[in-house]
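All remarks here apply to the structure that follows.
The values are calculated or read from the model by the stated rules, or taken from the named source; none is laboratory data. Note that the structure is predicted; figures quoted are calculated from it, not measured. In this analysis, Cβ positions are derived from the backbone assuming ideal geometry, glycine residues included, and neighbour counts consider all displayed protein chains. Areas reflect the complete protein model, heavy atoms only, side chains present, ligands, DNA and RNA absent. Shrake-Rupley method; radii C 1.70, N 1.55, O 1.52, S 1.80 Å.
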Amino acid sequence: MGDMENRRHFRKIVVTGGPCAGKTTGLTWIQNTFEKMGYTILFLQEPATEMMTAGVTPSRCSSPLAYQEFQMKLQYEKEKIFERAAEDIAYAHLEKDGGEGGGADPEGSDPGPRKVLIVCDRGFFDNCAYMTGDEFRQVLGKLNVTEEELLESYDGVFHLETTAKRASFFYGTANNAVRTETPEEAAALDDRLIAAWSAHPHFRLIENLNGFENKMRHLIAEIAVCLGEPVPPEVRRRYLIDYPDTAMLDKLDECQRVEIRQTYVLSPDNTEIRIRSQKSGKDSMYYETKNILSGGKRLLDSEQRLSARAYHDRLKNADPGKRTLTKHRYRLNWKGHSFAIDLYEIWKDRALLEVSLWDENQTIEFPPFLKILKDVTGDERYEISTLARKDGPGEV
């Protein structure tokens, strides 16, 4: 996993969450929705369910750690097999057509590969909720894989919040026969899972806000955004805040810090392209985001991961009129919201806070330790492209 060349023709996402979060129903919604969009869906069953159904349980193993190691090794191998299968399925119809003499379309058009989506019922970092960090890294060493490589193998991670949070009336009514966690235990497990995954660049928290059906619609919309499929644009709010207490943020389990270097590259007049390197451990991940400019607005067109070589090649075409922006981003999950706190090197006394909303009328519960100065949503002076301009205001 993590090899960009081997993952070119399919996408892989994780659906995770705390107990009684609606994950089983969510998987059904995913299948019904994205098959209609032309995707071939491959479901990778939750390894823990597979192991325990087969009789391999923590109580039968020599230790809980031994069980986790068996489970992680199974998951690692299964995901590699599913990736190879997805690659094969993407082109199988073309090989069959060619083998039967059908070959290309009569009009000469190339139908191209199938759209294949691997949906993991929980992913590798779910194991972190049941192990210490040292134990997790110990198993990774035996698998000869890094945390960064594993994170990079997933295109998106979608966490369904347990109903024990903000919807406790419904907790325990689904799959009640096997529900073992109390609401308090379920909420604590939910928090551990969020912390385990929050370093992923496309981690999305699907909250219990406006009923279960809206929760499912939120999940589908977030996945569609990740896949580049058309959906109503998500609502984003941006705020100027006082420079936060970083020592305190670093101590929060629900807060993850990453270092980002963002560079704009030369592009056509109606297109804006930026590339970024992102580092949360020893290794870096690389991305390219392309926006189409229309009527003075930026519309998200696509985002893709880059290899290190492709990233450095694109750096050669950096826009000379814009500086590379370096920032430290804290991803903070607080009271059902996913916040991004951006600390830019060009500022010493302020920062930007972003929050993604599902409904523009949704009430935002801000962390009490952040001082909001003003709402700068839609203010061009605080757009990243403006801050990057060498002739821009800089200290707005």
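Just a few scattered comments:
- Screening region 346-361 for residues that are surrounded by 11 or more Cβ atoms within 10 Å (Cβ to Cβ) and of a type in the set (Asp, Glu) and picking the one that is farthest from GLN256 (Cα to Cα) gives ASP359.
- Only residues that are surrounded by 21 or more Cβ atoms within 10 Å (Cβ to Cβ) and aliphatic (A, V, I, L, M) were counted in region 194-204, giving 2.
- Region 315-342: number of residues that are surrounded by fewer than 20 Cβ atoms within 10 Å (Cβ to Cβ) and aliphatic (A, V, I, L, M): 3
- Qualifying residues in region 362-385 (those that are among the aromatic types (Phe, Trp, Tyr) and part of a loop (DSSP other than H, G, I, E, B)) - the one surrounded by the fewest Cβ atoms within 10 Å (Cβ to Cβ): PHE369
- Of all residues in region 105-116, one or more are at pLDDT below 95, touching an Asp or Glu at 6+ places or on another chain (Cβ under 8 Å) and open to solvent by 10 Å² or more (accessible area, probe 1.4 Å).
- Within region 308-325, considering residues that are in a helix (DSSP H, G or I) and of a type in the set (D, E, K, R), the one nearest to GLU149 (Cα to Cα): ARG309
- Residue that is nearest to GLU79 (Cα to Cα), among those in region 36-48 that are modelled with pLDDT under 90 and not hydrophobic (A, V, I, L, M, F, W, C): GLY38
- For region 43-86, the set of residues classified as open to solvent by less than 30 Å² (accessible area, probe 1.4 Å), of a type outside the set (D, E, K, R) and in contact (Cβ under 8 Å) with a residue 24 or more places away in the chain consists of LEU44, PRO47, ALA48, GLN68, GLN71, MET72, GLN75, TYR76, ALA86, listed by residue number.
- For region 246-284, filtering for residues that are over 16 Å from GLU147 (Cα atoms), among the charged types (D, E, K, R), open to solvent by 60 Å² or more (accessible area, probe 1.4 Å) and outside any strand (DSSP E or B) leaves 4.
- In this structure, ALA340 qualifies as modelled with pLDDT of 85 or more, of a type outside the set (Phe, Trp, Tyr) and closer than 30 Å to ALA187 by Cα.
- Verdict on VAL119 being modelled with pLDDT of 95 or more, β-branched (Val, Ile, Thr), out of contact with any Leu (no Cβ under 8 Å at 6 or more places or on another chain) and part of a strand (DSSP E or B): no
- If the condition is being aliphatic (A, V, I, L, M) and more than 15 Å from ALA196 (Cα to Cα), then region 130-158 contributes VAL139, LEU143, VAL145.
- Members of region 205-215 found to be in a helix (DSSP H, G or I) and open to solvent by 40 Å² or more (accessible area, probe 1.4 Å), listed by number: PHE212, GLU213, ASN214
- Residue ID - modelled with the lowest pLDDT, chosen from residues in region 230-245 that are assigned to a strand (DSSP E or B) and either farther than 30 Å from GLY38 by Cβ or open to solvent by 70 Å² or more (accessible area, probe 1.4 Å) (or both): ARG236
- Residue in region 44-54 that is touching a helix residue (DSSP H, G or I) at 6+ places or on another chain (Cβ under 7 Å), farther than 24 Å from PHE203 by Cβ and not polar (S, T, N, Q) present: yes
- Residue check for SER307: over 17 Å from ALA388 (Cα atoms), in contact with a helix residue (DSSP H, G or I) (Cβ under 7 Å, 6 or more places away or on another chain) and at pLDDT 85 or above: yes
- Residue list for region 222-274, restricted to those being of a type in the set (S, T, N, Q) and either under 25 Å from ARG314 (Cα atoms) or under 23 Å from the mean Cα position of the chain (by Cα) (or both): GLN256, GLN262, THR263, SER267, ASN270, THR271
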